[in-house]
Each structure stands twice: as structure tokens, then as C-alpha cells.
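The structure appears right after this line, and notes come after that.
The values are calculated or read from the model by the stated rules, or taken from the named source; none is laboratory data. Since we're looking at a predicted model, the values are computed, not measured. In this analysis, Cβ positions are derived from the backbone assuming ideal geometry, glycine residues included, and neighbour counts consider all displayed protein chains. Remember, those area values only see protein heavy atoms, side chains included, never the ligands or the DNA or RNA. Shrake-Rupley method; radii C 1.70, N 1.55, O 1.52, S 1.80 Å.
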Amino acid sequence: MIKCPECGKDISDKAEFCPNCGYKRIGHIRGNEILGSQTEKIVTQHTSYGTASLVLGIISIVIGIFTGIIGIVLSILAIIFGAIARGKGDKYGTYGLILGIVALVLTIIIWIITIFWAISLLSTYY
């Protein structure tokens with residue numbers, strides 16, 4: 001058993017992660033010491049930016065089909081929040097970023113189709 005360098009709890013000398021705080025042990029182990037060790041925090045919780053990005057991405061896909069401007073604004077917010085969350089290591093940020101991009105593209109395509117349909121409809125009556 002060794003002490004976790006982050007939280008000080010006893011952990012197995014063969015464990016890669018501390019079960020208490022989630023720190024990953026990197027380095028060579030000899031006896032009760034870690035040689036050349038470094039630790040890095042494994043993100044186990046999602047940031048508020050990641051969650052917001054994911055929720056906005058989902059909502060922007062649904063809303064973007066029916067309302068153009070609101071869908072575009074929500075998808076841009078999902079992209080921005082997703083980029084921030086990705087920088088913090090949150091996987092929700094990646095998902096929200098992808099959903100935001102998909103929503104933005106779909107909303108623009110639907111807008112273009114609607115405009116051409118409206119123009120063709122008006123040209124048949126006038």
C-alpha cells in the first residue's frame with residue numbers, strides 16, 4: 001500500500017487510479033515510492049458548460065426545424081459552450097459542439113429550402 005500523492009489515502013501500489021479522488025498515477029513504482037511520478041486529474045464530473053452545450057445542442061436541433069433565428073442562436077451558444085467545455089476536458093462539450101454544428105447546418109439548409117419553396121409558390125400566383 002502507498003499513499004495517494006493528492007488526497008493522502010492508502011491505495012494499492014498496483015492501482016492506476018486513486019479510488020478516492022480519481023488521480024491517475026504516472027511513473028515507475030518501487031516499493032512504497034513512486035519514481036518520477038506525476039499525477040493528473042481524471043475528469044469524472046461534467047462542467048456546467050458541457051451540460052449547457054449538450055442541452056442547447058439538443059434543443060437547437062428541435063427548435064431549429066421550426067424557428068430559424070432562435071435555432072441559430074441556440075446552436076451558436078452550444079458551439080461556444082462546447083468549445084469551452086472541451087478545453088476543460090469535458091466530453092459533454094464535444095457532444096454539445098457536434099450537436100451545435102449539426103443544428104446550425106440543418107437550420108440553414110431548412111431555411112434555404114423554405115425560402116426557395118416560398119419563392120416558387122409565390123411565382124405561381126403572381
* To do: For segment 89-107, name all the residues that are open to solvent by 70 Å² or more (accessible area, probe 1.4 Å) and more than 30 Å from Q45 (Cβ to Cβ).
  => V105, L106
* Residues being among the hydroxyl-bearing types (S, T, Y) and over 16 Å from the mean Cα position of the chain (by Cα): count how many of those fall in segment 66-112. => 2
* Structure fact -> The condition from (1) over 25 Å from G22 (Cβ atoms); (2) surrounded by 24 or more Cβ atoms within 10 Å (Cβ to Cβ) that L54 misses is numbered (1)
* Structure fact -> Checked segment 73-107 for anything in a helix (DSSP H, G or I), of a type in the set (G, A, S) and in contact (Cβ under 8 Å) with a residue 24 or more places away in the chain; matches are S75, A78, G82, A85, G93, G96, G100, A103
* Single unsatisfied condition, I110 versus (1) at pLDDT below 90; (2) open to solvent by 70 Å² or more (accessible area, probe 1.4 Å); (3) part of a helix (DSSP H, G or I); (4) not polar (S, T, N, Q) -> (2)
* Asked: Before we move on, is I61 open to solvent by less than 60 Å² (accessible area, probe 1.4 Å), more than 24 Å from T114 (Cα to Cα) and β-branched (V, I, T)?
  -> no
* segment 17-30 - residue that is more than 25 Å from the chain's Cα centre (by Cα) and open to solvent by 50 Å² or more (accessible area, probe 1.4 Å) and, of those, modelled with the highest pLDDT -> I26
* To do: Name every residue in segment 64-88 that is surrounded by 22 or more Cβ atoms within 10 Å (Cβ to Cβ) and over 22 Å from W111 (Cα atoms), in order of residue number.
  => F81, G82, A85
